[in-house]
Amino acid sequence: MAATAIALQRLYQQRLSQNQFATPGEIVAWLGAVQAQDYLGAKWALGLRMQNATDGVIERAFTEGTILRTHVMRPTWHFVTPADIRWMLELTAPRVNAVNAHMYRQLELDDALFLHSNVVIAKALQGGQQLTRAELGSALVEAGIAAEGMRLGYIVHRAELDAVVCSGPRRGKQFTYALLDERAPQARILQRDEALAELTRRYYTGHGPATVRDFVWWSGLTVADAKAGLEMVASDLTHEVIDGQTYWFSTSMPPVAEPSQTAFLLPTYDEFLIGFSSFDKSRAGGRGASKNLVFDSTIVIGGQVVGTWRRTFKQGTAVIELAPFAPLTTAEAEAVTAAAQRYGEFVGMSVVCTYITPG
């Protein structure tokens with residue numbers, strides 16, 4: 001496998017170049033978790049990977065709880081499924097808490113306080129209540145717990161990591177929290193080794209080819225955990241050494257396809273970029289793209305990032321600003337226009353494309 005083929009295989013395994021899934025939950029389960037820090041972008045990330053997707057379909061799945069949003073890895077927001085949320089939190093939360101430890105100390109948050117705050121939050125949400133972060137803050141203050149600003153954020157964050165709360169339906173544009181037990185009553189419980197094997201399998205099957213370092217970055221687990229997970233699922237995976245790096249992938253992965261001119265307008269933090277420490281994210285381009293491309297919405301053709309894009313909504317129209325790194329060929333420009341139209345269909349708007357001259 002040539003290095004240039006890795007990106008094409010990832011396009012396929014992530015179901016960007018072959019949309020086989022009919023529901024958002026199927027995509028999230030296949031990938032294991034999908035970064036959802038940018039909520040609107042994360043919905044588009046799911047839409048790119050499923051058939052007949054619209055923003056409304058994915059919002060409805062979130063409202064109904066067939067996909068959930070919580071802090072589960074690195075730490076940041078991710079979409080996860082109700083079936084996976086509990087075992088995944090039990091596996092990754094200790095590492096996230098270790099990352100957060102400095103802020104816990106700075107904000108004077110300790111285990112005794114978290115035990116108290118979790119009880120207060122659970123009581124406020126009992127009986128199917130869905131409250132915003134500010135409303136949870138009010139309940140905490142009434143219970144004698146100082147909870148505002150970053151302190152409130154970390155208190156609620158800890159309640160997520162302790163599997164007390166997860167996302168509830170949005171109230172207008174506001175996010176709410178609900179009890180995890182009520183939102184995901186059928187959540188699976190796995191022993192740690194089972195959970196590690198399951199997450200390892202999901203990652204390399206849904207994201208591969210990928211290295212150990214990639215999995216460590218994506219999951220937030222240790223190198224020792226990553227290697228142990230690989231040993232547990234070795235029969236489901238194979239590997240190949242490319243330029244001195246060992247890449248692992250599913251034994252069922254088909255041979256790499258020839259590069260196509262299909263273009264993808266990927267959102268910020270898309271799994272195609274965020275899922276790999278080894279991806280070259282440093283290329284600068286037409287409109288002063290970020291030094292790290294995961295912070296940009298990117299244009300991808302043939303598995304390669306060829307530019308960045310932005311969108312604004314104006315009077316029912318999606319205005320898409322395209323900034324290629326170099327002038328596009330006629331075929332590439334047509335492919336990008338088709339990708340923009342697909343985005344317009346997803347959000348239910350007409351599309352106007354404008355180009356920023358490469359420079």
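The values are calculated or read from the model by the stated rules, or taken from the named source; none is laboratory data. Given the structure is predicted, the values throughout are model-derived calculations rather than measurements. For neighbour counting, all protein chains shown are included, and Cβ atoms are generated from backbone atoms with ideal geometry for every residue, glycine included.
Within the group Ala61, Ala112, which residue is under 22 Å from Gly168 (Cα atoms), free of Cβ contacts under 8 Å to residues at least 60 places away in the same chain and in a helix (DSSP H, G or I)?
Being under 22 Å from Gly168 (Cα atoms), free of Cβ contacts under 8 Å to residues at least 60 places away in the same chain and in a helix (DSSP H, G or I) holds for just one of Ala61, Ala112, which is Ala61.
Let's see how each residue does on (1) within 10 Å of Leu265 (Cβ to Cβ); (2) outside any strand (DSSP E or B); (3) among the charged types (D, E, K, R); (4) touching a residue at least 12 places away in the same chain (Cβ under 8 Å):
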| position | (1), (2), (3), (4) |
| --- | --- |
| Arg311 | yes, no, yes, yes |
| Ala323 | no, no, no, yes |
| Leu328 | no, yes, no, yes |
| Ala331 | no, yes, no, yes |
| Ala340 | yes, yes, no, yes |
| Glu345 | no, yes, yes, yes |
| Thr357 | no, yes, no, yes |
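Check segment 273-281 and report whether any residue there is among the polar types (S, T, N, Q), touching a helix residue (DSSP H, G or I) at 6+ places or on another chain (Cβ under 9 Å) and at pLDDT 95 or above.
Checking segment 273-281: not a single residue is among the polar types (S, T, N, Q), touching a helix residue (DSSP H, G or I) at 6+ places or on another chain (Cβ under 9 Å) and at pLDDT 95 or above.
Can you pull out the residues in segment 115-131 that are outside any loop (DSSP other than H, G, I, E, B) and free of Cβ contacts under 8 Å to residues at least 40 places away in the same chain?
Hits for segment 115-131 are Leu115, His116, Val119, Val120, Lys123, Ala124.
Filter segment 24-60 down to residues that are under 16 Å from the mean Cα position of the chain (by Cα) and polar (S, T, N, Q) and give me whichever is nearest to Arg201 (Cα to Cα).
That would be Gln35.
Go through segment 2-55 and give me each residue that's in contact with a Ser or Thr (Cβ under 6 Å, 6 or more places away or on another chain), under 15 Å from Pro267 (Cα atoms) and assigned to a helix (DSSP H, G or I).
Hits for segment 2-55 are Leu11, Gly41.
Inspect segment 119-136 for any residue being under 22 Å from Val216 (Cα atoms), within 25 Å of the chain's Cα centre (by Cα) and not basic (Lys, Arg) and give the result as yes or no.
no
Answer yes or no: is there a residue in segment 185-207 that is among the basic types (Lys, Arg), over 30 Å from Gln18 (Cβ atoms) and crowded, with 16+ Cβ neighbours inside 10 Å.
Within segment 185-207, none of the residues are among the basic types (Lys, Arg), over 30 Å from Gln18 (Cβ atoms) and crowded, with 16+ Cβ neighbours inside 10 Å.
Only residues that are at pLDDT below 95 and in contact with a helix residue (DSSP H, G or I) (Cβ under 6 Å, 6 or more places away or on another chain): list them for segment 74-110, please.
Pro75
Going through Gly288, Gly302, Gly344, Gly244 one at a time, which residue ends up being more than 19 Å from the chain's Cα centre (by Cα), among the small types (Gly, Ala, Ser) and modelled with pLDDT under 85?
The match here is Gly288.
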